[in-house]
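Below: one structure, written as structure tokens.
The values are calculated or read from the model by the stated rules, or taken from the named source; none is laboratory data. Fair warning: this is a prediction, and the values are worked out from it, not measured in the lab. Here the Cβ positions follow ideal geometry from the backbone for every residue, glycine too, while neighbour counts run over all protein chains shown. Surface accessibility is based on the protein's heavy atoms, side chains included, excluding ligands, DNA and RNA. Shrake-Rupley method; radii C 1.70, N 1.55, O 1.52, S 1.80 Å.
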Amino acid sequence: KKYFSVAVPLPYTEYLGGPRYYLIRPGAFDPVFVNMQDVIKVCTMINDILIRDDDNWTIAGQIGVFDLSKITNLHFKQLSPCLIQKWTQLSQNSYPVKLKGVAGIANLWEKFKKYFLVSLHQCADWF
């Protein structure tokens, strides 16, 4: 399956004992055929392996490098508020690793703004 390349821990750290770099490409899967919940499950399984086997990841943390170049509105539509809340709680409360930094390859704010502002206006019509 192609969703194994969505989040990949890179094999080398910047220095001995440094944080693990994590390449995150949410646009690497086809949202028509693959469910976001399955992608999150695979990423969670990769994290479980890293907890067991990678001291750099567990002790020094991780640096996320986001590549949002191929992300579409179909990817964002699969992210319900409940799913985002549970994923955030899992990341913050369940793992012993802390995020040390984030680097974006594509313009993250523009991608989010384009989709979420339209979604917020649609949600406001419900109330």
Meets criteria (in contact with a His (Cβ under 7 Å, 6 or more places away or on another chain) and either under 18 Å from T88 (Cβ atoms) or free of Cβ contacts under 8 Å to residues at least 40 places away in the same chain (or both)) for P11: no
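The rows are residues; the columns are (1) within 19 Å of I46 (Cβ to Cβ); (2) at pLDDT 75 or above.
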site: I84; (1), (2): no, yes
site: V97; (1), (2): yes, no
site: A106; (1), (2): no, no
site: K113; (1), (2): no, no
site: H121; (1), (2): no, no
Qualifying positions in the range 66-87 - touching a Lys or Arg at 6+ places or on another chain (Cβ under 9 Å) and not in a helix (DSSP H, G or I): F66, D67, L68, S69, K70, I71
Test result for L90, more than 26 Å from L16 (Cα to Cα), in contact with a helix residue (DSSP H, G or I) (Cβ under 9 Å, 6 or more places away or on another chain) and in a loop (DSSP other than H, G, I, E, B): no
Unmet requirement for L50, which otherwise passes all of (1) in a loop (DSSP other than H, G, I, E, B); (2) touching a residue at least 24 places away in the same chain (Cβ under 8 Å): (1)
Residue in the range 59-91 that is most open to solvent (accessible area, probe 1.4 Å), counting only those that are β-branched (V, I, T) and over 16 Å from P31 (Cβ atoms): I59
Filter result (among the hydrophobic types (A, V, I, L, M, F, W, C), part of a strand (DSSP E or B) and open to solvent by 30 Å² or more (accessible area, probe 1.4 Å)) within the range 1-47: V8, L23, I24
